[in-house]
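Got a structure for you, written out below as structure tokens; questions coming shortly.
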Amino acid sequence: MQLIFEITWKCPARCPFCTVPKGDVVMPLDLYERALGLFETLGEEISVVLSGGEPTTLPFLDRYVRIAKERGHSVTVVTNGFFPDTALNSGADLIEVSLDYWGEKQDEVRGVKGLWRNIQYLLERGRGKVVIRATLLHDNFEDLLKIHEAYHDVPMFVMPVRGYILKPKKEHLEALAKLENVYIADTCPAGISSFVIAPGLNPEKELDVLACIFYRRLLGRLIDFTRAELMTILKEGRKLPRFPCEKL
């Protein structure tokens, strides 16, 4: 089971396709650990993903990593490269760097100067630990080919698989899937084995559980962090059609 924690909504970037709310909200460590403990009662192996916003804006990112690892879970940090050393020093098992365009165009689209330089630094310093997470858009197929050519030894995970308002072309997905070290999932785990856990209406006391980072359907809220709340979330998740983002 994959739990994607949006531990902060702080982010310096202004990505036009981002679906995550903006704000200074930070997920309290105690709520984060309570949510982990609740999902652990299901008895399934858990993979923790620390996302945002931009998680490297939190100087204590390593504390989120440490809590999950001490509970026996693998941890991935997703970053746009804003503070690369914070990601590298977090203790995470894996770092997914979000990269969609080649060169300074990455900075232009994200609205932050220096991201491309920082990403290059991450890819060089984090060999064997850093992977590329790319979102296939309507205009970046050639950029992804350039990135793959330059960093062909770095695994590239491409999303979304289908649909969504980003409208990737089917032939581009198929062409990328043929490249070595490029991975495009052909299943949709949203609400079944993958959940997004985000700050709730009262971010100091409760958390929201969503179906997917793209398809942000609210499945339920963790207020008392009870088994009943968790069962409601699982029930709502099972109702979802596969690839619901196709309909957006």
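Consider segment 92-126. How many of its residues are in contact (Cβ under 8 Å) with a residue 12 or more places away in the chain and either farther than 23 Å from Phe60 by Cβ or among the β-branched types (Val, Ile, Thr) (or both)?
17
Could you tell me which numbered condition Ala35 fails, if it satisfies all but one of (1) of a type in the set (A, V, I, L, M, F, W, C); (2) buried (at least 23 other Cβ atoms within 10 Å of the Cβ); (3) closer than 24 Å to Arg221 by Cα?
Answer for Ala35: the failing condition is (2).
Quick one: in segment 194-213, of everything that is open to solvent by 30 Å² or more (accessible area, probe 1.4 Å) and in contact (Cβ under 8 Å) with a residue 24 or more places away in the chain, which residue is nearest to Glu6 (Cα to Cα)?
For segment 194-213, the residue satisfying everything is Ile213.
Any residue that is buried (at least 19 other Cβ atoms within 10 Å of the Cβ), over 30 Å from Lys178 (Cβ atoms) and either in contact with a Lys or Arg (Cβ under 7 Å, 6 or more places away or on another chain) or acidic (Asp, Glu) (or both) - is there at least one of those in segment 107-117?
Checked segment 107-117: no residue is buried (at least 19 other Cβ atoms within 10 Å of the Cβ), over 30 Å from Lys178 (Cβ atoms) and either in contact with a Lys or Arg (Cβ under 7 Å, 6 or more places away or on another chain) or acidic (Asp, Glu) (or both).
Another question, if that's okay. Report the residue count in segment 185-216 for those that are of a type in the set (Lys, Arg) and at pLDDT 95 or above.
Matching residues across segment 185-216 total 1.
Is it the case, given these coordinates, that Thr19 is in contact with a Ser or Thr (Cβ under 6 Å, 6 or more places away or on another chain) and polar (S, T, N, Q)?
no
In segment 52-89, which residue that is hydroxyl-bearing (Ser, Thr, Tyr) and open to solvent by 10 Å² or more (accessible area, probe 1.4 Å) is farthest from the chain's Cα centre (by Cα)?
By that ranking, first place goes to Thr86.
How many of the residues in segment 51-74 are among the acidic types (Asp, Glu) and either touching a strand residue (DSSP E or B) at 6+ places or on another chain (Cβ under 6 Å) or closer than 18 Å to Val112 by Cβ (or both)?
Summing the residues that are among the acidic types (Asp, Glu) and either touching a strand residue (DSSP E or B) at 6+ places or on another chain (Cβ under 6 Å) or closer than 18 Å to Val112 by Cβ (or both) in segment 51-74 gives 1.
Then there's this: Out of Gly72, Gly81, I need the residue that is touching a residue at least 40 places away in the same chain (Cβ under 8 Å) and not aliphatic (A, V, I, L, M). Which one?
Just a single option satisfies the conditions, and that option is Gly81.
Pick out the one residue from Lys178, Lys129 that is of a type in the set (Lys, Arg) and either surrounded by 13 or more Cβ atoms within 10 Å (Cβ to Cβ) or modelled with pLDDT under 90 (or both).
None of the other options fit; the residue is Lys129.
The values are calculated or read from the model by the stated rules, or taken from the named source; none is laboratory data. Please read these numbers as outputs of a predicted model, since none were measured by experiment. Virtual Cβ from ideal backbone geometry, glycine too; neighbours counted across all protein chains shown. Heads up: the accessible areas ignore ligands, DNA and RNA and are worked out on the full protein's heavy atoms, side chains in. Shrake-Rupley method; radii C 1.70, N 1.55, O 1.52, S 1.80 Å.
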